[in-house]
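Report on the following structure.
The values are calculated or read from the model by the stated rules, or taken from the named source; none is laboratory data. Because the structure is predicted, anything quoted here is derived from the model rather than measured. Note: ideal-geometry Cβ built from the backbone for every residue, glycine included; neighbour counts use all protein chains shown. For the accessible areas, the whole protein counts, side chains as well, though only heavy atoms, and no ligand, DNA or RNA atoms are used. Shrake-Rupley method; radii C 1.70, N 1.55, O 1.52, S 1.80 Å.
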Amino acid sequence: GTYDIMPLNAEAQNYDISYLKGTLTIIPVIVTVKVKDCSRLYGDENPTFEFTTEGAPLEGVPEIICEATPTSQVGTYDIMVKQGTVSNYNVAYVKGTLTITKAPLTIAATTYTKKQGEEMPEFTLTYAGFKNDDTKDVLMKQPIAYCEANEASAPGEYPVTVSGAEARNYDISYTNGKLIVTEADVVIITAKSYTRLYGDENPIFEYTVD
């Protein structure tokens with residue numbers, strides 16, 4: 001506000017003194033409390049929120065609130081700041097932003113085996129990195145495991161590649177596996193033994209297979 005400044009008590013032998021007042025104007029000092037922006041991964045706890053002040057020393061501690069929890073989806077969330085125990089006058093509170101980013105998720109193929117001539121195995125995959133008791137059911141698109149081998153492929157190793165998954169809250173990486181095709185079981189063809197008389201025709205020869 002404004003306050004009068006009054007001159008008083010002057011004395012002079014040869015002068016008749018009068019006074020003109022002045023004015024003291026006190027202007028408010030605005031203290032600005034601003035929450036720092038920060039980020040974290042999906043599924044993690046919120047970090048410790050920090051703030052900065054400008055204008056004057058802060059008396060007391062502000063209250064900082066954010067509605068985000070470990071289960072909150074990827075995105076941005078306001079970090080609100082309130083008076084708390086602050087006793088300064090003319091305080092301006094400026095909110096910050098919490099950015100929740102995707103958590104890393106690895107989808108991996110393993111090592112599979114089959115014998116030549118057998119049907120292709122089911123390529124089961126493993127997952128590492130799920131948060132909040134999430135399972136593969138949260139994926140918007142399920143991964144695909146591909147192998148160029150087929151039932152008749154020759155013995156050897158064939159890569160199993162993984163791709164195609166999509167998720168709102170996860171940054172997905174892949175680990176490829178392999179299919180090992182082994183030789184088919186040995187087939188044993190055994191001719192049966194026979195006897196005949198001299199001069200007769202040979203019998204029809206037969207065999208067994210194992």
Review point. Name the residues in region 174-195 that are at pLDDT below 95 and charged (D, E, K, R), would you?
Key: E183, D185
Review point. Does region 169-184 contain at least one residue that is in a strand (DSSP E or B), of a type in the set (D, E) and open to solvent by less than 90 Å² (accessible area, probe 1.4 Å)?
Key: no
**Study point:** Flag if F205 is surrounded by 15 or more Cβ atoms within 10 Å (Cβ to Cβ), in contact with a strand residue (DSSP E or B) (Cβ under 9 Å, 6 or more places away or on another chain), in a loop (DSSP other than H, G, I, E, B) and in contact (Cβ under 8 Å) with a residue 12 or more places away in the chain
**Key:** no
Practice item. State whether the residues of region 33-54 include one that is over 32 Å from the mean Cα position of the chain (by Cα) and at pLDDT below 95. Key: yes
Study note, to complete from the structure: Checked against (1) surrounded by 12 or more Cβ atoms within 10 Å (Cβ to Cβ); (2) more than 32 Å from the chain's Cα centre (by Cα); (3) part of a strand (DSSP E or B), E59 satisfies every condition except (3)
Study note, to complete from the structure: Over region 92-103, the set of residues assigned to a strand (DSSP E or B) and in contact with a Leu (Cβ under 8 Å, 6 or more places away or on another chain) is I100, T101, A103
Revision key, fill the gap. Residue set L139, L125; condition free of Cβ contacts under 8 Å to residues at least 40 places away in the same chain, aliphatic (A, V, I, L, M), open to solvent by less than 60 Å² (accessible area, probe 1.4 Å) and under 30 Å from T76 (Cβ atoms); output residue L139
Review point. Within region 111-120, which residues are touching a strand residue (DSSP E or B) at 6+ places or on another chain (Cβ under 7 Å) and either part of a strand (DSSP E or B) or loosely packed, with under 13 Cβ neighbours inside 10 Å (or both)?
Key: T111, Y112, T113, K114, K115
Study note, to complete from the structure: Output for Cβ contacts, cut-off 9 Å, separation at least six or different chains, first residue within 30 Å of T76 (Cα to Cα) in region 162-185, second basic (K, R) and assigned to a strand (DSSP E or B), reads G164/K141; A165/K141; E166/K141; A167/K141
Revision key, fill the gap. Considering residues that are loosely packed, with under 10 Cβ neighbours inside 10 Å, part of a loop (DSSP other than H, G, I, E, B) and touching a strand residue (DSSP E or B) at 6+ places or on another chain (Cβ under 9 Å), the number found within region 22-42 is 1
Practice item. Name the single residue, out of those in region 142-156 being of a type in the set (A, V, I, L, M) and within 26 Å of the chain's Cα centre (by Cα), that is surrounded by the most Cβ atoms within 10 Å (Cβ to Cβ). Key: A145
Study note, to complete from the structure: If we keep only residues of region 62-97 that are touching a residue at least 60 places away in the same chain (Cβ under 8 Å) and not β-branched (V, I, T), then the residue most open to solvent (accessible area, probe 1.4 Å) is Y89
Exercise for review: Go through region 145-158 and give me each residue that's outside any loop (DSSP other than H, G, I, E, B) and out of contact with any Phe, Trp or Tyr (no Cβ under 9 Å at 6 or more places or on another chain).
Suggested key: G156, E157, Y158
